[in-house]
Structure formats: C-alpha cells, structure tokens
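Here the structure comes first, spelled out in structure tokens, and everything after it is commentary.
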Amino acid sequence: MSQQSSVWRRSPFDARFEQQFDALVRAGFGVGSGTGAGFTPAAEITRDGDDAVVTLDLPGVAADDVTVEVEQNRLVVRGERKDPRAEDARGRTERRYGTFRRSFSLPSTVTAEAVSASSDAGVLTVRVAGAHAAAQPTRIAVTTGA
C-alpha cells in the first residue's frame with residue numbers, strides 16, 4: 001500500500017490566482033462593500049443611454065432613513081431598516097432589520113451634481129448622469145519656436 005504525500009507545492013501563480021478569484025467573488029457578491037449580517041438590500045445596475053441607473057429594493061425603509069452620497073469615486077447608499085415590533089414582543093421573524101451600506105464604483109469624471117435619487121413603493125432609484133459617456137478628447141495646441 002502506497003502512501004501519498006500530503007505536501008502540496010504552491011507557486012506564486014497560485015497565490016496570485018487566489019487573490020484575483022477572491023476579489024472577483026467579493027465584487028460579484030458584494031462582500032467587502034460594507035455588507036453585514038443584517039439587512040442587505042438587493043441592487044440592480046442598468047444602463048439608460050449614457051446614464052447608469054442603480055435600483056435598490058428597500059421595502060419598509062422610509063426615504064428619510066436613506067442617505068445617498070458620492071465619496072472618493074464611489075456611490076454610497078446608507079440607511080436603516082427599523083424593526084417596527086416592540087422590544088418586548090415575542091415571536092419569530094425571518095425578516096432582516098438593521099443598518100446597511102452599499103457602495104458602487106463610479107468613473108472619475110462623475111461628480112455629485114450628476115447624481116439624483118428618488119424613492120417609490122420601496123424601491124430607491126439612483127440615476128448617475130453621464131456615467132457611460134465617453135470622455136471627450138481635448139485638443140492641445142502645439143506651438144513652434146521659442
């Protein structure tokens with residue numbers, strides 16, 4: 001009976017692959033973007049012409065309990081889904097409550113003035129005007145001589 005060695009040699013490529021895979025998983029599933037064990041609203045990002053439209057499902061969240069900000073080339077949505085039950089209420093709930101934070105990368109050309117937000121029927125819609133607009137080249141004059 002032969003025994004196989006349990007030693008596995010790792011190359012630098014393996015470590016780099018794991019880092020890239022972990023980053024892909026975090027980006028795709030929102031891990032690392034401020035999500036926690038509490039309430040995490042589902043988000044959808046679509047394109048409408050040159051604009052990006054981000055919608056978040058926020059059932060039971062009042063518009064006054066939501067903050068939308070642009071900080072360091074990121075769109076940040078924060079808020080709280082409050083538990084309407086009394087603290088001494090007994091029973092069972094499968095609903096999630098608590099604070100949440102979602103953030104999304106923005107092109108460096110987007111400013112806070114390009115962002116608008118509205119809430120209707122438990123859905124927050126954030127429009128980022130010009131997020132997909134191609135950067136317009138600026139022609140630089142070339143001078144001759146000294």
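Hey, can you tell me all the residues within the range 91-113 that are out of contact with any Asp or Glu (no Cβ under 9 Å at 6 or more places or on another chain) and under 15 Å from GLU69 (Cβ atoms)? Matches in the range 91-113: ARG101, ARG102, PHE104, SER105, LEU106, VAL110, THR111, GLU113.
Being modelled with pLDDT under 90, among the basic types (Lys, Arg) and part of a loop (DSSP other than H, G, I, E, B) is a condition met by no residue of the range 19-34. Residues in the range 87-126 that are among the basic types (Lys, Arg) and closer than 20 Å to GLN72 by Cβ: ARG101, ARG102.
In a residue-by-residue description of the range 75-93, the property of being of a type in the set (Ser, Thr, Tyr), in a loop (DSSP other than H, G, I, E, B) and surrounded by fewer than 16 Cβ atoms within 10 Å (Cβ to Cβ) applies to at least one position. Check the range 78-97 and report whether any residue there is modelled with pLDDT of 90 or more and farther than 15 Å from SER119 by Cβ. No, that holds for no residue. Name the residue that is surrounded by the fewest Cβ atoms within 10 Å (Cβ to Cβ), counting only residues in the range 105-146 that are in contact with a Ser or Thr (Cβ under 8 Å, 6 or more places away or on another chain) and not in a loop (DSSP other than H, G, I, E, B). Checked the range 105-146; the qualifying residue surrounded by the fewest Cβ atoms within 10 Å (Cβ to Cβ) is SER118. For the range 55-72, a residue qualifies if it is over 14 Å from GLY130 (Cβ atoms), of a type in the set (Val, Ile, Thr) and in a strand (DSSP E or B), and the qualifying residues are THR55, VAL66, THR67, VAL68.
The values are calculated or read from the model by the stated rules, or taken from the named source; none is laboratory data. It should be emphasised that the depicted structure is a prediction, and the values quoted were computed from it without experimental measurement. Note: ideal-geometry Cβ built from the backbone for every residue, glycine included; neighbour counts use all protein chains shown.
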